[in-house]
């Protein structure tokens, strides 16, 4: 009977040992599965961070390129506007020069006409002198009343008109010169803005190169030492879980 009890106890111990081994195996498998899940979650999180960082860098690069394009377009618009303004000034100068030349030609023609009229009056006066003293007196009075006086009045009126036209031409020339000076100043200001923009762009590129160089020269961060030892049967030892 004691032998039977011993066999029963041995069977129980064997069964208990088998259950203990099964429990340990199940726990080991559970730890391995948890470690594998943790590793996969860590890899997924790292991949997500990398994708987010790449997306951020792409967005920053696209924004920078868009800003540079906008600045280039604005600069080209300023230069084009300055050139158009300069061309308008040149056309105005040419138009005013043609108008001044036409005024000088008209004045010269008026002077010739006045001289011709004066010569004709002199010829008529000589003919009237040959006709007799009385006729000369009467002709002189008639010439002064009907020829000389109107001619003098016409010449005075033409001289006043020429003076006014010359004054208007001088005023127009002064305004044109002032407009040309203003356009040149605006063009110089646009050129100065362009130079400042190019300097800022060069400084930005230099800072970007310096940041890239510092990033290349920065030593890689070494993994930190384990602050505490792991248990021999701990499958999660050394795995960082977020």
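Values quoted throughout were computed directly from the atomic coordinates according to the rules given, and no laboratory measurement underlies them. Model, not experiment: these values are computed from the prediction.
Note that the stretch 7-55, at 25 °C in a medium of 0.890 mPa s, gets a Stokes-Einstein diffusion coefficient of 178 µm²/s from its Kirkwood radius over C-alpha pairs. Extension gain, residue 45-residue 205: 0.36 nm per intervening residue step, less the Cα-Cα distance, totals 54.3 nm. Ellipsoid semi-axes for the stretch 152-207, based on the Cα gyration tensor and the rule √(5λ), read 54, 4, 4 Å when sorted largest first. For the stretch 55-111, the fraction of C-alpha pairs more than 14 angstrom apart is 74%.
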